[in-house]
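Everything on this sheet refers to the single structure shown next.
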Amino acid sequence: MPQTTRMLWAAIAGVLIAALCTPAHASHDDNGFDPDNRSQAVKGFTLTTKGQGAMEWGKAQLERSVITTSWGGGDIEVHDYATSGVTWAAQTRCKDWNALFTSCDVFTIQYNTAMTHTDREWLTMGCHEMGHTADLGHRSASNDTDNNSCMRSTTAAYYKFDTHDLNAIAAGT
């Protein structure tokens, strides 16, 4: 095989490896999970009353952005599970990547009912996890100085998307 062909295949392999090995939750803008489009159907599965409220609040927060939502299956699946022995209150995962692993076709959100949460914390979790489905990563004190974003990595965070979050969703989706 000629040297040029080998170099081309090596470059292609490097690009594919880099694309497949990206972190799930990196910086705030355009490095979370990319949704497959700006229209997302949300469906809850055997949710507690608090889980249902968190899902509805998170969906309402997405509606404030460029993403439109509807009820039904297909894009965002929300569950309650009691998972002991872990430190997370909720998590978002990509259940089904598209063929090129560049965007997520189906997200799964899990609220951990093994932990006790206030009503406000449930709202914060709903907003936060839905934010991950809109390509938002975590924020910290250095990039959320007024502490008004639900994308902080704590249930004590604010319970809504702020303007920075909404702009990041518009830029990243």
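The values are calculated or read from the model by the stated rules, or taken from the named source; none is laboratory data. Here the structure is a predicted model, which means the values were calculated and not measured. No Cβ is skipped: glycine too gets one built from the backbone with ideal geometry, and neighbour counts run over all protein chains shown. For the accessible areas, the whole protein counts, side chains as well, though only heavy atoms, and no ligand, DNA or RNA atoms are used. Shrake-Rupley method; radii C 1.70, N 1.55, O 1.52, S 1.80 Å.
If I ask for residues that are assigned to a loop (DSSP other than H, G, I, E, B) and open to solvent by 20 Å² or more (accessible area, probe 1.4 Å), which ones from region 91-111 would you list? So that I can check it myself, show each step before the final result.
The initial filter retains those residues of region 91-111 that are assigned to a loop (DSSP other than H, G, I, E, B), namely 98-103.
Once the filter is applied, which keeps residues that are assigned to a loop (DSSP other than H, G, I, E, B) and open to solvent by 20 Å² or more (accessible area, probe 1.4 Å), region 91-111 yields ASN98, ALA99, LEU100, PHE101, THR102.
Of all residues in region 76-90 being at pLDDT below 95 and not small (Gly, Ala, Ser), which is most open to solvent (accessible area, probe 1.4 Å)?
The residue in question is THR87.
Between residues in region 91-109 that are within 10 Å of ASP75 (Cβ to Cβ) and residues that are open to solvent by 70 Å² or more (accessible area, probe 1.4 Å) and of a type in the set (Phe, Trp, Tyr), which pairs lie under 7 Å by C-beta distance while being six or more apart or on different chains?
Hits for this filter: CYS104/TRP97; ASP105/TRP97.
I'm told ALA141 meets every condition in (1) more than 20 Å from THR87 (Cα to Cα); (2) not polar (S, T, N, Q); (3) not in a loop (DSSP other than H, G, I, E, B) except one. Can you identify the failing condition by its number?
(3)
One line per residue, one yes/no per condition, for (1) modelled with pLDDT under 85; (2) within 25 Å of TYR158 (Cα to Cα); (3) surrounded by 17 or more Cβ atoms within 10 Å (Cβ to Cβ); (4) in contact with a Phe, Trp or Tyr (Cβ under 7 Å, 6 or more places away or on another chain):
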| position | (1), (2), (3), (4) |
| --- | --- |
| ALA10 | yes, no, no, no |
| CYS21 | yes, no, no, no |
| ASP30 | yes, yes, no, no |
| PHE33 | yes, yes, yes, yes |
| ARG38 | no, yes, no, no |
| LYS50 | no, yes, yes, yes |
| TRP57 | no, yes, yes, no |
| GLU63 | no, yes, no, no |
